[in-house]
Ligand code: PGA
Ligand code: ZN
């Protein structure tokens, strides 16, 4: 398609939700269509992720992106000119070959993912399609379009809250909602109720990096208890309407056989941490636990999945780093049963899609996820809808970089509803097949 031929690629430095530099890539096609995307950035990084290239030095705490911007404006722009933006695989293969490193450390996974996503945006614009519709392609024409089931953060902890509590995300999954709109409305009611409880206890202290309430708790478990109370206070049934999910992000407070829960004043073996988490799963309406063990603790992951994997989602984030190879290995080892899918961990859309395909083949759950460092970019929502990913995790229901994404989901739901009479049907039952 000649109107999707790449004419120019340009990067600029923009700012993320932590006030750090990041890069935006803008791609222009032959007859004037343009597309742009902004790279997100994690704080609790898996060591196997595509490298987030930073300048180092004194400016911006070393987080400058001049090198990544220069890579796009130089070698990448030169190489992509004349390629077809609608041939995502060709664009991504060119990027991968040009970078030439296994971890994308030459040009940076941040430069590559922003370029890769900009190509998709530009091609969709040339074809006059919303990105999700473009990504869906023609092959799935007869299948219903489903909105992803949200996973919304209520308390933010771990490295997103200065280590105030050890567990990173205390989230809600509105498993009983009938639509995307209802799922968000319930999440917002729980957030309000949780803020009310924190106020009553004199613990309200602002928000963490992803907009969840600051976790001013004396123990990690208190956050779960308060979250369940908040669900009830919102008039919803814990576990039936709205369930709890945790991202333990265990790599940030421990490694194989040595986990230090500073807030609880204990140091645990892998086995003991597993026991503690299993106990929480038994006593609270928890439907998913992400990264229960550190990224290198495969035995711990296997042990925990053996204990609860038939009842809940055991999600690999740092453990899988959106790698098709690691997902296949985890399936073989039964080390988890769901994959967090973060495009910038993989570095290109093609590799992200390969990870998703591996997750599907393994019958894993899949959750499309944003990062803790975000922007107004809403690509992840379109990827989730277009690729039919059953769940979406983009942080809390406050802060503009979060609401930008939830609200984009509402727009898509509305557009679909106009045709089908709903307001965004959810794959809730298929995401949690063990729930009625
Ligand atoms: P990150 O956190 O973006 O800081 O890595 C998100 C997560 O761990 O899921
Ligand atoms: Zn995580």
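Quick check on region 211-223. Is at least one of its residues on the phi > 0 side of the Ramachandran plot and in contact with a helix residue (DSSP H, G or I) (Cβ under 6 Å, 6 or more places away or on another chain)?
There is at least one residue in region 211-223 that is on the phi > 0 side of the Ramachandran plot and in contact with a helix residue (DSSP H, G or I) (Cβ under 6 Å, 6 or more places away or on another chain).
Which members of region 352-376 meet the condition of being under 26 Å from residue 20 (Cα atoms), more than 15 Å from ligand 2 (Cβ to nearest atom) and buried (at least 24 other Cβ atoms within 10 Å of the Cβ)?
352
Filtering region 323-342 down to residues that are in contact (Cβ under 8 Å) with a residue 60 or more places away in the chain and part of a loop (DSSP other than H, G, I, E, B), which residue is nearest to ligand 1 (Cβ to nearest atom)?
Only one residue tops the list, namely 342.
What residue, among those in region 18-46 that are under 18 Å from residue 112 (Cβ atoms) and assigned to a loop (DSSP other than H, G, I, E, B), is farthest from ligand 2 (Cβ to nearest atom)? Give the steps one after another, and end with the answer.
Residues of region 18-46 under 18 Å from residue 112 (Cβ atoms): 21-27, 35-42, 45-46.
Subset that is assigned to a loop (DSSP other than H, G, I, E, B): 39-40, 42, 45-46.
Working: 39: 18, 40: 13, 42: 8, 45: 10, 46: 8 Å.
Of everything passing the filter in region 18-46, 39 is farthest from ligand 2 (Cβ to nearest atom).
Residues checked against (1) in contact with a strand residue (DSSP E or B) (Cβ under 9 Å, 6 or more places away or on another chain); (2) surrounded by fewer than 20 Cβ atoms within 10 Å (Cβ to Cβ); (3) more than 22 Å from residue 307 (Cα to Cα); (4) assigned by TED's automatic domain parsing to the domain that holds residue 335:
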position: 202; (1), (2), (3), (4): no, yes, yes, yes
position: 209; (1), (2), (3), (4): yes, no, yes, yes
position: 212; (1), (2), (3), (4): yes, no, yes, yes
position: 232; (1), (2), (3), (4): yes, yes, yes, yes
position: 235; (1), (2), (3), (4): no, yes, yes, yes
position: 242; (1), (2), (3), (4): yes, no, yes, yes
position: 246; (1), (2), (3), (4): yes, no, no, yes
position: 252; (1), (2), (3), (4): no, no, yes, yes
position: 258; (1), (2), (3), (4): yes, yes, no, yes
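Would you be able to tell me the number of residues in region 88-118 that are assigned to a loop (DSSP other than H, G, I, E, B), surrounded by fewer than 21 Cβ atoms within 10 Å (Cβ to Cβ) and either in contact (Cβ under 8 Å) with a residue 60 or more places away in the chain or in contact with a helix residue (DSSP H, G or I) (Cβ under 6 Å, 6 or more places away or on another chain) (or both)?
Going through region 88-118 one residue at a time, the tally reaches 1.
Anything in region 324-346 that is surrounded by fewer than 24 Cβ atoms within 10 Å (Cβ to Cβ) and closer than 24 Å to residue 270 by Cβ? List them, or say none.
325, 326, 328, 329, 331, 332, 333, 334, 337
Collect the residues in region 377-398 that are under 23 Å from residue 156 (Cβ atoms), more than 14 Å from ligand 2 (Cβ to nearest atom) and either in the same structural domain as residue 113 (by TED's automatic domain parsing) or in a loop (DSSP other than H, G, I, E, B) (or both), keeping them in residue-number order.
Residues satisfying the conditions are 377, 378, 389, 396, 397, 398.
Which numbered condition trips up residue 177, out of (1) buried (at least 22 other Cβ atoms within 10 Å of the Cβ); (2) at pLDDT 95 or above; (3) in contact with a helix residue (DSSP H, G or I) (Cβ under 6 Å, 6 or more places away or on another chain)?
Unmet condition: (2).
Filter the strands (runs of 3 or more DSSP E) completely within region 232-300 down to those with at least 2 residues that are over 19 Å from the mean Cα position of the chain (by Cα) and away from ligand 2 (no atom under 15 Å from the Cβ). Give the steps one after another, and end with the answer.
On the way: elements: 243-247, 258-261, 266-268, 286-290.
In region 232-300, 258-261, 266-268 are the strands (runs of 3 or more DSSP E) which contain 2 or more residues that are over 19 Å from the mean Cα position of the chain (by Cα) and away from ligand 2 (no atom under 15 Å from the Cβ).
The values are calculated or read from the model by the stated rules, or taken from the named source; none is laboratory data. Quantities reported herein were computed from a predicted structural model and do not represent experimental measurements. Cβ coordinates were reconstructed from backbone atoms using ideal geometry, including for glycine residues, and neighbour counts include every protein chain displayed.
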